[in-house]
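Beneath this line is the structure, given in structure tokens, with notes to follow.
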Amino acid sequence: MTTLSDPTLASVVELIYGDQSKFHSLEGLLLGADLKRPEYEVPLWVNADSYWGRLVTPVYGARLAALNGDAEADRALLSLVELTVERFLQGELLERKHLPIWVGELRSELLADGYRLKIGRVGNGLQEAAVRCRLKPTAELPVRLTERLAVLETELELRGQQTPLDHLRAAAKHYEKGRFPACEKRLRTALEHLTAYAAGTKEMDSTRNVRHLVDTGRLDIPAAARFLYDLRSMTDKDPHPHRTRADAARFRLQLTVIRASTLLTRLDL
């Protein structure tokens with residue numbers, strides 16, 4: 001799980017669909033969230049020309065891209081949630097007792113995904129002032145990621161891969177304590193050791209090891225190029241395309257779980 005979950009996104013798109021008058025145009029909302037991209041237009045069993053189809057298709061396509069490690073798609077989905085909440089709460093009282101029921105339900109879904117929903121006002125704080133919504137990563141890892149991490153750790157134990165296992169566990173602890181550079185360094189080292197294991201070598205030359213995986217048919221060229229890119233950008237100090245270092249570190253932790261799991265599925269015990 002590397003992005004917002006199906007229940008969370010379903011709540012958001014159903015909210016938008018249920019009151020279409022909140023937005024001057026659906027295309028404007030999608031552009032604002034950076035969801036109007038051709039790569040997010042995936043075939044679905046919906047009328048692509050209907051309002052529902054024009055809304056669901058790019059959201060679902062972005063989620064698929066995020067699940068495959070696309071950081072910009074992940075950021076776009078977070079932006080969609082924020083823009084939607086801001087629009088629906090414009091002109092409303094923001095005290096907890098006055099908030100609509102759907103806000104509490106969305107908060108709970110987001111917490112399960114590892115995000116806190118922060119709502120406030122810009123400027124003088126009056127009811128007419130613009131609403132600002134931000135999703136902030138929680139210190140605790142999301143439930144689904146914790147489960148996937150536990151599965152990966154078990155597989156590494158069964159394979160006798162103690163070194164990458166130790167680095168992975170250390171990375172998770174660094175993340176929870178807010179030590180993001182240390183977390184990312186551990187993640188990169190864990191992937192480097194796993195790449196050497198997958199290639200059947202003891203060398204820490206990831207480029208050579210990945211080339212060997214391509215030569216032996218365990219990775220195709222596009223997957224190998226993406227893997228090397230992700231590995232080299234794992235410790236990049238610039239969080240872009242994420243908004244904060246915390247967002248970047250969490251995504252990189254999730255990405256490591258995906259890339260490690262992919263490598264292990266290409267091997268025989």
Within the range 240-250, residues open to solvent by 10 Å² or more (accessible area, probe 1.4 Å) and in a helix (DSSP H, G or I) come out as 245, 246, 247
If you check residue 158 against the conditions, is it touching a residue at least 60 places away in the same chain (Cβ under 8 Å) and over 20 Å from residue 69 (Cβ atoms)?
yes
Please verify whether residue 214 is more than 25 Å from residue 150 (Cα to Cα), modelled with pLDDT of 90 or more, surrounded by fewer than 20 Cβ atoms within 10 Å (Cβ to Cβ) and in contact with a helix residue (DSSP H, G or I) (Cβ under 7 Å, 6 or more places away or on another chain), treating the condition exactly as stated.
yes
Answer yes or no: is there a residue in the range 189-201 that is touching a Lys or Arg at 6+ places or on another chain (Cβ under 9 Å), in contact (Cβ under 8 Å) with a residue 24 or more places away in the chain, part of a helix (DSSP H, G or I) and open to solvent by 20 Å² or more (accessible area, probe 1.4 Å).
yes
Select the helices (runs of 4 or more DSSP H) contained entirely in the range 39-149, then report the ones holding at least 3 residues which are surrounded by 18 or more Cβ atoms within 10 Å (Cβ to Cβ) and touching a strand residue (DSSP E or B) at 6+ places or on another chain (Cβ under 7 Å).
71-89
Residues that are under 22 Å from residue 18 (Cα atoms) and modelled with pLDDT under 90, drawn from the range 91-129:
91, 92, 93, 94, 98
Note down all Cβ pairs under 6 Å where the first residue falls in the range 27-49 and is on the phi > 0 side of the Ramachandran plot, the second is open to solvent by less than 100 Å² (accessible area, probe 1.4 Å), and they're at least six residues apart or on different chains.
34/76
So, residue 185, is that one basic (Lys, Arg), farther than 23 Å from residue 77 by Cβ, without any contact (Cβ under 8 Å) to a residue 40 or more places away in the chain and surrounded by fewer than 20 Cβ atoms within 10 Å (Cβ to Cβ) or not?
no
Any residue in the range 130-155 that's in contact (Cβ under 8 Å) with a residue 60 or more places away in the chain: show its pairings with residues that are of a type in the set (D, E, K, R) and open to solvent by 70 Å² or more (accessible area, probe 1.4 Å) at Cβ separation under 7 Å, as long as the two are six or more apart or on different chains.
136/116; 136/118
Output for the range 1-38, where each listed residue is among the β-branched types (Val, Ile, Thr) and in a helix (DSSP H, G or I):
8, 12, 13, 16
Which numbered condition residue 230 misses (of (1) surrounded by 16 or more Cβ atoms within 10 Å (Cβ to Cβ); (2) more than 19 Å from residue 171 (Cα to Cα))
(2)
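The values are calculated or read from the model by the stated rules, or taken from the named source; none is laboratory data. Note that the structure is a prediction, hence the values are computed from the model and not measured. Glycine also receives a Cβ, built like all others from the backbone with ideal geometry; neighbour counts cover every protein chain displayed. SASA here: full protein model, heavy atoms, side chains in, ligands and nucleic acids out. Shrake-Rupley method; radii C 1.70, N 1.55, O 1.52, S 1.80 Å.
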